[in-house]
Structure formats: C-alpha cells, structure tokens
1. Please compute the length gained on full extension between residue 72 and residue 20, using 0.36 nm multiplied by the number of residues separating them and subtracting their Cα-Cα distance.
2. Projecting each Cα onto the charge dipole of region 10-129 (Lys/Arg +1, Asp/Glu -1 at the beta carbon, about the Cα centre), which of 95, 15, 70 comes out farthest on the positive side?
3. Determine the relative contact order of the chain: mean sequence separation of Cα pairs under 8 Å and six or more apart, normalised by residue count, in whole percent.
4. Which ³J(HN,Hα) values in Hz, rounded to whole numbers, follow from the phi angles of region 83-89 under the Karplus curve 6.51 cos²θ - 1.76 cosθ + 1.60, where θ = phi - 60° and Gly and Pro get x?
5. Once you charge only the Cβ atoms, +1 for Lys and Arg and -1 for Asp and Glu, what is the size of the charge dipole of the chain about its Cα centre, to the nearest 20 debye?
6. Angle check, please: helix 108-129 long axis (alpha carbons) against the longest principal axis of the chain (alpha carbons), in degrees 0 to 90, nearest 10.
7. Which FRET efficiency value, to the nearest 0.05, do you get for residue 110 and residue 84 by plugging their Cβ-Cβ distance into 1/(1 + (r/R0)^6) with R0 = 25 Å?
8. What are the aspartates and glutamates whose alpha-carbon lies under 16 Å from the alpha-carbon of residue 76, with same-chain residues fewer than 8 places away excluded?
Amino acid sequence: LRSASGGLSKAQAVGKQLSQDARSMQEQAGRQRQVLGVYRLHSKTARAAAQGWRSRSDQRAMLVSLDQLWWQLRDKLDRYLDTAEEEVKHFEAAFATMADYEHCSAGFSNLLATYTTSTAVMEESHRQLR
C-alpha cells in the first residue's frame, strides 16, 4: 500500500488529498470572492452613477420649477408695471388738464372727466397690487 501511493500510508494519502482539495477550494473561493468584488464594485459604481443622474435630474426639475415660478412672477410684475404706467399717463393728462383749466383753456367738465378717469385707473392699479 505504501509503495503504490509513493511511500505514504493510506491515512497520509487521504490527508494529502484533503489538503490539496482544501487549497484548491480555498483558491477557487478566492477567485469567486474577486469576481464578487468586481460585481460589488460595479454595483456601487452603477448605484453612484444612478444617484448622480437622479440628483442632476432633481436639480433640472427644480430649475424648471423655479423658471416657471419666475416667469409667473415676471408676468404679474409686467402687468402691474403696465397698469402703473397707465396710471402715471392718466395723472399726467389730469395735471395737464388742470394747468389748462387754470389758464382758462379747458372747462370744468373736462377737468372733472380727466380727474374721474385718473381716479378709476388709480383704483384699478391699487386693486391689481393687492
């Protein structure tokens, strides 16, 4: 029995075989661990990239929302400025009519009509401001 297995007893041969198999399995486990490590690294990288995309997507969505709010606000501001400009024009006309009235080149009915229009425009602009 010793000569057939290279001078080893049966127990020694089994022990040697077990030791080789254990080393082989350990090496295989190490390779599998490396493969799993590659997969884990890829998974982490993919997850980080997805979070980056999501973060950029969230940022874009936030900027789009902010842009929409800005243009809504800008539209309201423009409408108010247009109304305020109309108010100023009507008051300028009222002051010109008052100067004409003082110089007797406009009648009281003209002054009253201009004043009434100016007051109505002023009330409208104040209503829009609220």
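What follows is calculated from the coordinates using simple rules that are stated; it is not laboratory data. Values in this document were obtained by computation on a predicted structure and should not be read as measured data. Quick reminder, even Gly has a Cβ in these numbers, built from the backbone with ideal geometry, and neighbours come from all protein chains shown.
1. 11.1 nm
2. Comparing the listed Cα positions along the dipole, 15 ranks first.
3. 17
4. Using θ = phi - 60°, the values come out as 5, 5, 5, 4, 4, 4, 4 Hz.
5. 2900
6. 10
7. So the FRET efficiency works out to roughly 0.55.
8. Qualifying aspartates and glutamates at Cα under 16 Å: 67, 85, 86, 124.
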